[in-house]
Amino acid sequence: MNLKEYIEKENLLLPDYNNLNIVDLVKFLYGKYGVKYDKNKNTKKLEKIIPDNTHTVFILVDGMGSNLVSLLDDKSLLKKNKVDNMLTVSPSSTGCVLTSVVTATYPSEHGIIGWYNYNREYDIDYYPLTFNDRKQNKSLKEYNITAKDIFKVKSKINELNVKTNVLYPHYIFDSVYSNYVANNNIRNSYSDLEDAFNQIEKIISLNEKTFTYLYIPDIDNLEHENGVDSKIVVDKIKEIEKYLYKLLKNDTIIVITADHGQTNVSDDIIMDFSKYNKYFYAYPGIDFGMATYYVKKDQEAEFVKQFNNDYKNKMYLFKTKEFIDNNVFGPNINNDYLISNLGEYISLCNKNAQFINSLEIDEYYGKTKGNHSGLSNDEMIIPLIIIDANNLR
């Protein structure tokens, strides 16, 4: 079975980046403030629906896919002002998508493939977002690896020709990744949602043009712990919505989306590393829905046979070239850095399953109720919400 056949069989989504997607959105937003980009039919559409107000507030709610917005009451501010669905990038894993958001490039261009990566140059398994290695959980700085060594494409947020503010939760405000995204002079921390929206309220009271980027991780965390359609998740969205009303003034446009959605998990699949270690020269990469495998050349045939035997009817294994040839990681020419970060094979889980390909099995087994990184509609389809303070719906 080839990739397209599997996607059709499992009712998954093969990304078509000719359709409106999150990279188009950030290209257009940054383009309003001096960042050059190539226009296309999607950015021209955005020109017509996103007005040029004095203040732009761009809010990324981690994990709030279109499936979650559909659960809200028809009178909700978010649901009433959702103007379209968009495609996120693949893999639908936070480290990958957030890098696309800040660089306005596809994974095929920036090369960050997910929650887990392997770097061939330094021969190290690591977490891009936390900037730690996977074996000893040490900072990559201790191996003399810098942010520039990992994040090859610069953040566009630092290039905007307008008063810019980036707001991160206090616990990640000064991380290596946050420093990569936004310079010290434009990056701020917040303690809770009330604090974040109070800060933005002050920003939009200024008598000059502003761009504000707010990152909210809460929904994603709650979905992982409780499931996608749990009451606690919906209640947190309603809390965000309550604070949005504070910003409906002073010629402000609010653009809201997500990095990905999530799907409920009902089947935990576990990798037996005592069996599979002999095949690998690095730990599996990407995440739990889609994973890539770094397989020793002389072990490939045995690995494929063993994998297909162990995980038949739960997952399917493909050569990485199939994903490249089908433009899963972006429509552009795939660069050498992307290829070097990927292994020789990639697997996809069947719907509602996750593959715990980490040594920390107890941390995840039976505890993760929702997850992402696969190609289901729930994971890949995200909302485009536009709230114009001058023209409320």
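The values are calculated or read from the model by the stated rules, or taken from the named source; none is laboratory data. Nothing here was measured: the structure is a model prediction, and the numbers come from that model. As a convention, Cβ positions derive from the backbone with ideal geometry for all residues, glycine included, and neighbour counts pool all protein chains shown. For accessibility, only protein heavy atoms count, side chains too; no ligands or nucleic acids. Shrake-Rupley method; radii C 1.70, N 1.55, O 1.52, S 1.80 Å.
Tell me whether the range 325-335 contains one or more residues that are without any contact (Cβ under 8 Å) to a residue 24 or more places away in the chain and either under 19 Å from residue 2 (Cβ atoms) or touching a Phe, Trp or Tyr at 6+ places or on another chain (Cβ under 9 Å) (or both). Yes, some residue in the range 325-335 is without any contact (Cβ under 8 Å) to a residue 24 or more places away in the chain and either under 19 Å from residue 2 (Cβ atoms) or touching a Phe, Trp or Tyr at 6+ places or on another chain (Cβ under 9 Å) (or both).
Suppose the filter is more than 22 Å from residue 371 (Cβ to Cβ) and in contact with a Lys or Arg (Cβ under 9 Å, 6 or more places away or on another chain); does residue 106 pass it? Taking the combined requirement at face value, the residue does not satisfy it.
Would you confirm, using the coordinates I've provided, whether residue 256 is in a strand (DSSP E or B) and surrounded by fewer than 22 Cβ atoms within 10 Å (Cβ to Cβ)? So residue 256 fails the test.
The residue pairs whose first member lies in the range 94-105 and is within 9 Å of residue 181 (Cα to Cα) and part of a helix (DSSP H, G or I), whose second member is aliphatic (A, V, I, L, M) and open to solvent by 10 Å² or more (accessible area, probe 1.4 Å), and whose beta carbons are closer than 6 Å, counting only pairs six or more residues apart or on different chains, are 103/153. Would you be able to say whether some residue in the range 63-75 is modelled with pLDDT of 95 or more, assigned to a helix (DSSP H, G or I) and touching a helix residue (DSSP H, G or I) at 6+ places or on another chain (Cβ under 6 Å)? Checked the range 63-75: at least one residue is modelled with pLDDT of 95 or more, assigned to a helix (DSSP H, G or I) and touching a helix residue (DSSP H, G or I) at 6+ places or on another chain (Cβ under 6 Å).
Here residue 213 fulfils each of the conditions (1) in contact with a Phe, Trp or Tyr (Cβ under 9 Å, 6 or more places away or on another chain); (2) open to solvent by 10 Å² or more (accessible area, probe 1.4 Å); (3) not hydrophobic (A, V, I, L, M, F, W, C) apart from (2).
Residue pairs whose Cβ atoms lie under 6 Å apart, separated by 6 or more positions or on different chains, with the first residue in the range 375-393 and touching a residue at least 12 places away in the same chain (Cβ under 8 Å) and the second of a type in the set (Asp, Glu), are 384/84. The number of residues in the range 120-139 being part of a loop (DSSP other than H, G, I, E, B), open to solvent by 20 Å² or more (accessible area, probe 1.4 Å) and more than 13 Å from residue 360 (Cβ to Cβ) comes to 8.
Among residues of the range 35-58 that are aromatic (Phe, Trp, Tyr), those with a Cβ under 7 angstrom from a residue that is open to solvent by 40 Å² or more (accessible area, probe 1.4 Å), sequence gap 6+ or separate chain, pair up as 37/27. Of all residues in the range 177-201, those satisfying the criterion of being among the aliphatic types (A, V, I, L, M) and surrounded by fewer than 20 Cβ atoms within 10 Å (Cβ to Cβ) are 186, 193.
Can you find even one residue in the range 79-88 that is open to solvent by 30 Å² or more (accessible area, probe 1.4 Å) and among the hydrophobic types (A, V, I, L, M, F, W, C)? Looking through the range 79-88, at least one residue is open to solvent by 30 Å² or more (accessible area, probe 1.4 Å) and among the hydrophobic types (A, V, I, L, M, F, W, C).
Could you please let me know if residue 124 is β-branched (Val, Ile, Thr), in contact with a Gly (Cβ under 8 Å, 6 or more places away or on another chain) and either closer than 18 Å to residue 286 by Cα or at pLDDT below 95 (or both)? When the stated conditions are applied, residue 124 does not pass them.
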